1. Just from its helices, what would the mean residue ellipticity at 222 nm be for the chain, if runs of 4 or more DSSP H residues each count -39500 (n - 2.57) and the sum is divided by every residue, rounded to the nearest 500 deg cm²/dmol?
2. Starting from the stretch 6-71, pick out the trypsin sites (Lys or Arg not before Pro) whose DSSP state is loop and whose Cβ has at most 16 other Cβ atoms within 10 Å.
3. Report, by chain and number, residues whose modeled amide H sits under 5 Å from the one on Glu34, excluding near sequence neighbours (fewer than 5 apart, same chain).
4. Considering the chain, what Rg and Dmax in Å follow from its alpha-carbon atoms?
5. To make sure I understand the rule: partners must be aspartates and glutamates, Cα under 17 Å from the Cα of Lys68, and not fewer than 8 residues away in the same chain. Which ones qualify?
6. Return the percentage of antiparallel bridges among DSSP beta bridges fully within the chain, rounded to the nearest 5 %.
7. Residues with amide H under 5 Å of Thr56's amide H, sequence separation 5 or more or different chain, H placed in the peptide plane at 1.01 Å from N; which?
8. Return Cys36, Cys70 ranked ascending by Cβ neighbour count within 10 Å, so the fewest neighbours appear first.
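Any read-out appearing in this document is the output of simple, stated calculations on the displayed coordinates, not a laboratory observation. Fair warning: this is a prediction, and the values are worked out from it, not measured in the lab. Please note: Cβ atoms are built from the backbone with ideal geometry, for glycine as well, and neighbour counts cover all protein chains shown.
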Amino acid sequence: MNNGRAVVLVVEDNAIIRMGAVDLVISAGYEALEACDADEAIRIMESRDDIDLVFTDVQMPGTMDGIKLCHYISQGWPPVKLIVASGNAILEESSLPGGSMFFSKPYHDHTIKDAMARLLSSKA
């Protein structure tokens, strides 16, 4: 947490969708960071120790998709909460690390804000 505000990393390859997600995070009262793919997200994760939640797309260019990124983060940074969204893939939450949440795109902003609040308020 940075200055008492949770820090959320948005990982999305589509710049317009990423900007919308960053605005959503900020409007929810959190600090937003952004990455265009999993590789950039991992570099950010490795350079900071204050990231509380990662909000990622599934399909992205690069070495891994959002599902693999979530598993990588859950192994390297277990306290970080995870939200996954996709416009193409329909996932079972069981394919994600425990405690992760999945939403289909298009999602409603209030649904994501509620999910972030729930995840960030939980201690596990």
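1. -11500 deg cm²/dmol
2. When the trypsin sites (Lys or Arg not before Pro) of the stretch 6-71 are filtered for loop state and at most 16 Cβ neighbours within 10 Å, Arg48 remain.
3. Val10
4. My reading of the Cα-based Rg and Dmax gives 12.8, 36 Å.
5. Glu12, Asp13, Asp37, Asp39, Glu40, Glu46, Asp57, Glu92, Glu93
6. The antiparallel fraction comes to roughly 5 percent.
7. Amide H to amide H, under 5 Å and 5 or more residues apart or across chains, Thr56 pairs with Val11, Ile83, Val84, Ala85.
8. Cys36, Cys70
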